[in-house]
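Peer 1: After the structure tokens below, expect a handful of questions from me.
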Amino acid sequence: KDFFDEFLKKQRKGQSPEPQDRSVSSMGSGFVIDASGLIVTNNHVVEGAESIEVHFQDSTILKAELVGRDPKTDLAVLRVKSETPLPVVAFGDSDILRIGEWVMAIGNPFGLGGSVSLGIVSARNRDINAGPYDDYIQTDAAINKGNSGGPLFNLKGEVVGINTAIFSPTGGSVGIGFSVPANTAKGVVDQLVKFGETRRGWFGVKIQSVTDDIAESMAMGKARGALIADVTKTGPAEKAGIEPGDVVIEFNGKPVNAMRDLPRIVADTEIGKKVPIKIFRKGKELELMAEVGRLEDGEKVVAQQDSTAGGAPAPAVLTVLGMTVSSMTDELRQKYAIDAEINGAVVTEVTADSEASDKRLQPGDVITIASDKPVNGAADIAARIEDAEKAGKNLLLLLVSKGGKNTDTVFITLKLKK
């Protein structure tokens, strides 16, 4: 009221009020995992906080310090100092949760105070595009604003999830809530307590999904695994002999059923551990060994490769499969700003309404591999098409550097004309 009174007075005088500092507070939930005062909550509840207070059910209020946080899983650990041991809850095994099992969500919705809601496990392994390790439990137990960071209990009183997000067009619960599984949280929490940060495994690859078309073109039967689109120079995968075009179907004894499984499995693997990796390559299953690196170190690795000058292939132009491709030339490299270390056939034109257009091929893209073999020029594309047709294949698998950039590679398939 005082602010607006001052505003009106100064407005009458043609003045603007002086800006005032304003503090913003937010609320969330959490739970104690150690009687000495360790508390688990969501990262988004405490991110950017200047001060944190923890309000307990008995009206006790304690100042908290941030032990560590992990934006990738939206988890954080706090510490409070209490004169008496605090009551604690224990983590359960979220891997044995079954669809339809009863669960309870406890938290502080809309700042009303401790509230309990009951529901069932609606689904598991949900990917909501919130981060690289999405593996959420979905529940219809009412979760609202303020529940973030609170525990999801099974009927044994064990914490099987940390309530993190909701899907709602209204802002309130519509029966679609998401919780971080306890088995994911346990490893993250342990690292935050021990190191104040996470230390995840790193493999050093770029991956993409194996579609039905890609699986057919590789003669691997059912679509499964994670397709390697690129390998980081000097990374664990390169040292292990992994190549673009390989499909990882098992890592450290754990099956990789879909692309999104691999980052999670690798992240949970002990740093420095040598693990077996089963891959599908050129119609065969192979097993390699790799030493897992540390993600936080891997993210700092910048791949630098000296360009070696070699004899350029003779210029050639080919129109095929709804696109025109040309052997690499200095003029094309300059025109499309193609990275110096990339060689192959340059897409210079794409026919409208063609499959190449549907697959979003564009002028400036560079085809570097076709049918598991390197492409040095346009003539190689023609040769790979001829080989594929002789072998009775319906699809041609291509590795494309989008925009001629080494940092953006993707596998696509194009149907062969009969």
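The values are calculated or read from the model by the stated rules, or taken from the named source; none is laboratory data. From a predicted model like this one, the values you see are computed outputs, not experimental measurements. Glycine also receives a Cβ, built like all others from the backbone with ideal geometry; neighbour counts cover every protein chain displayed. The area values use the complete protein model at the heavy-atom level, side chains included, leaving out ligands, DNA and RNA. Shrake-Rupley method; radii C 1.70, N 1.55, O 1.52, S 1.80 Å.
Peer 1: Students often get this wrong, so check it: of Lys373/Lys405; Lys282/Lys405; Lys278/Lys393; Lys222/Lys273; Lys335/Lys393; Lys72/Lys222, which have C-alpha atoms separated by over 23 Å?
Peer 2: Over 23 Å Cα-Cα: Lys282/Lys405; Lys278/Lys393; Lys222/Lys273; Lys335/Lys393; Lys72/Lys222.
Peer 1: Out of residues 5 or more away from Val67 or on other chains, whose amide H comes under 5 Å of its own, with H placed 1.01 Å from N in the peptide plane?
Peer 2: Hits under the 5 Å cutoff: Val77, Leu78, Arg79.
Peer 1: Kirkwood Rh, the chain, all Cα pairs: how many Å?
Peer 2: After inverting the pairwise mean of 1/r, the radius is 25.1 Å.
Peer 1: Relative to the present Cα-Cα distance, how much length would full extension add between Glu270 and Lys222 at 0.36 nm per residue of separation? The partial results should precede the final answer.
Peer 2: Details: separation 48, 0.36 × 48 = 17.28 nm, distance 3.02 nm.
Separation in residues times 0.36 nm, less the Cα-Cα distance, equals 14.3 nm.
Peer 1: Got the relative contact order for the stretch 55-184 handy, in percent, Cα pairs under 8 Å and 6 or more residues apart? Could you put the intermediate results ahead of the total?
Peer 2: Values: 288 pairs, mean separation 28.4, N = 130.
Relative contact order for the stretch 55-184 comes out at 22 percent.
Peer 1: Taking the Cα atoms of the stretch 64-156, report the difference between the largest and smallest coordinate on each principal axis, in whole Å and largest first.
Peer 2: Result for the stretch 64-156: principal-axis Cα extents of 41, 29, 27 Å.
Peer 1: Let me ask another. With every protein chain kept in place and ligands, DNA and RNA left out, what is the accessible area per residue of the stretch 365-418? Probe 1.4 Å, answer in Å². Before the final figure, lay out each step's value.
Peer 2: Numbers: 2360 Å² over 54 residues.
Result: 44 Å² per residue.
Peer 1: On to the next question. Report, to the nearest whole %, how much of the accessible area of the chain belongs to carbon and sulfur atoms, 1.4 Å probe, protein only.
Peer 2: Values: 11020 of 22420 Å².
Of all accessible area on the chain, carbon and sulfur atoms account for 49 percent.
Peer 1: Round to the nearest 10 and report in Å² the accessible area of Glu299, as given by a 1.4 Å probe over the protein chains' heavy atoms.
Peer 2: Estimated to the nearest 10 Å², Glu299 gives 110 Å².
Peer 1: Could you please state, rounded to a whole Å, how far the C-alpha centre of the stretch 235-276 is from the C-alpha centre of the stretch 22-95?
Peer 2: One Cα centre to the other: 34 Å.
Peer 1: Could you calculate the FRET efficiency of Lys415 with Asp127 from 1/(1 + (r/R0)^6), where r is the beta carbon distance between them and R0 is 25 Å, rounded to 0.05? Could you put the intermediate results ahead of the total?
Peer 2: Details: r = 29 Å, r/R0 = 1.15.
The pair Lys415/Asp127 has a calculated efficiency of 0.30.
Peer 1: Mean residue ellipticity at 222 nm from the helices of the chain, using -39,500 (n - 2.57) per DSSP H segment of n ≥ 4 over the full residue count, to the nearest 500 deg cm²/dmol? Before the final figure, lay out the partial values.
Peer 2: Values: 10 runs with 74 residues, N = 418.
Mean residue ellipticity at 222 nm (helix-derived): -4500 deg cm²/dmol.
Peer 1: If I take all pairs of Cα atoms in the stretch 20-80, what percentage of them are more than 16 Å from each other? List each step's numbers first, then the result.
Peer 2: Values: 766 of 1830 pairs.
Tail fraction, whole percent: 42.
Peer 1: Here is a further query. On average over all directions, what projected area in square nanometres does the stretch 308-418 have, based on the convex hull of its Cα atoms? Display every interim value, and only then the final one.
Peer 2: Working: hull surface 26.1 nm².
With every direction weighted equally, the projected area is 6.5 nm².
Peer 1: Sticking to Cα atoms, compute the Rg of the stretch 208-292 to one decimal and its Dmax as the biggest Cα-Cα distance, whole number, in Å.
Peer 2: Rg then Dmax for the stretch 208-292, in Å: 12.0, 36.
Peer 1: Could you give the length gained on full extension between Ala382 and Phe110, defined as 0.36 nm per residue of separation minus the Cα-Cα distance, in nm? Working shown, then result.
Peer 2: Details: separation 272, 0.36 × 272 = 97.92 nm, distance 6.41 nm.
Stretched out fully, the Ala382 to Phe110 stretch lengthens by 91.5 nm.
Peer 1: Measure off 7 Å from each Cα along the Cα-to-Cβ vector at Glu341 and Glu287, then give the distance between these two points in nanometres to one decimal.
Peer 2: 3.2
Peer 1: Just subtract the alpha-carbon distance of Phe167 and Ile96 from 0.36 nm times their residue separation and send over the number in nm, one decimal. All intermediate terms of the calculation are to be shown ahead of the outcome.
Peer 2: Details: separation 71, 0.36 × 71 = 25.56 nm, distance 2.44 nm.
Value of the extension gain: 23.1 nm.
Peer 1: Students often get this wrong: which residues of the stretch 395-413 have the backbone nitrogen under 18 Å from the point 7 angstrom along Cα-to-C-beta of Arg360?
Peer 2: Backbone N within reach: 398-413.
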